1. Summing -39500 (n - 2.57) over the DSSP H runs of n ≥ 4 in the chain and dividing by its residue number, what mean residue ellipticity at 222 nm do you reach, to the nearest 500 deg cm²/dmol?
2. Express in nm, to one decimal, how much length is gained between residue 331 and residue 95 on full extension, taking 0.36 nm for each residue of separation and deducting their alpha carbon distance.
3. So for the chain: antiparallel DSSP bridges make up what percent, rounded to the nearest 5?
4. Fully extended, how many nm does the chain gain between residue 269 and residue 43 (0.36 nm per residue separation, minus their Cα-Cα distance)?
5. Taking the Cα centroid of the stretch 122-140 and of the stretch 1-53, what is the distance between the two, rounded to the nearest whole Å?
6. Among 160-171, 42-53, how do they line up from the highest to the lowest mean number of other beta-carbon atoms within 10 Å?
7. Can you give the FRET efficiency to the nearest 0.05 for residue 164 and residue 442, using r as the Cβ-Cβ distance and R₀ = 41 Å?
8. Which whole-number percent gives the relative contact order of the chain, counting Cα pairs below 8 Å spaced six or more residues apart?
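Where a number appears in this text, it was derived from the coordinates with a stated rule and is not lab data. If you're wondering where the values come from, they're calculated on a predicted model, not measured in any experiment. Quick reminder, even Gly has a Cβ in these numbers, built from the backbone with ideal geometry, and neighbours come from all protein chains shown.
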């Protein structure tokens, strides 16, 4: 999204993790990429970011002339990586640390700073680019009671009924083709009728919905600021999620109040212990809790697809993209139109550079720049429904891999065989065609290998059983997958003393 490149090409091959000896996995942006802010700033734009910055922040690990921070953003309100919504760790305005007041809710803070950046149009008549990086609705489940109350009891019919209702609504609205069947309930999830703590489960989804609601209100305030400053007509507003619903559990589903985790602030602002874990004994939502909504509700969020964030099934990688641009869409009779053209985040980068009359450089600050991977889809916004990407779409994350050419998608879970799907006929990936079309599997696998080499991606080590070493990490042992969460050693019990181990 920020660079128009495949993530290992930028040095951020696996988020902020630094794998010694692997330049593609150094954990911060390298000097062979430019951000969208750097390109648009040079095109005469005022640039700003409000929210999450997950591209490295250690000044000791920056390249000369390419600080990990700023990277073209003139105004920054940011925090690195994940964060709770009430008990904040650290925030920065540009490079200066700031403290939040006791009543600040993280989503509101992101909104307020974004609105201020829009309002600066009064003092600076340059066009502007603003990246608003909300964390909502990422775990932990923490929301304001006034928003939770609107959803309490809304999910008491359970995940099975809710998935079915959503599937029917998506088909009726034209978002989904009538022939795409809903995927089965995930095989790790019990039927709602067998759930032991229905009221607690309903409450978890209520809090999740409240987090989305608060973000939606914030986006409304940003749009109000555009109208108030008389710039809405010529402003392109783009909204999307970065991945499908997240099925991660927290802390072995138990109260682990003393867990040593850098993302968890152990005490609330007024000194109460934060209770960590997906325990039915803990009411979700408050500032003294830290839990997730887990596999069952992530399965609902990803209706009708299967799997979740981390996977390359459609449930992990397919998200809606909503664009509002009165001068470029509404005036051309395109308002409310639905396009089924698939694009990736690097294409969104190319679109913004195109709309902003920017020029992607071959050299920047004395360094050769990796060629752009994206393709602008401006033609789609302006009415060309026949436009399509020339390059394949491809993905890699933690060993989960996929490539899509036209309607054909080849994908595999880490350590498992290739699967082949025709997405025009079977978007929910229910009919694996790999065994009957080995030639197509070989062709797409060859294209994927070329993509991996160009990306600078490394093969992920086996992580489900056996012993392995990953370059620079020197991790040995026998591991297991805990549900749809993280890899942990077999027989390992996480405690406050060994959490970091």
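1. -7000 deg cm²/dmol
2. Length gained, residue 331 through residue 95: 80.8 nm.
3. Roughly 65 percent of the DSSP beta bridges within the chain come out antiparallel.
4. 77.0 nm
5. About 17 Å separates the Cα centre of the stretch 122-140 from the one of the stretch 1-53.
6. Final packing ranking: 42-53, 160-171.
7. For residue 164 and residue 442, the calculated efficiency is 0.60.
8. The value is 16 percent.
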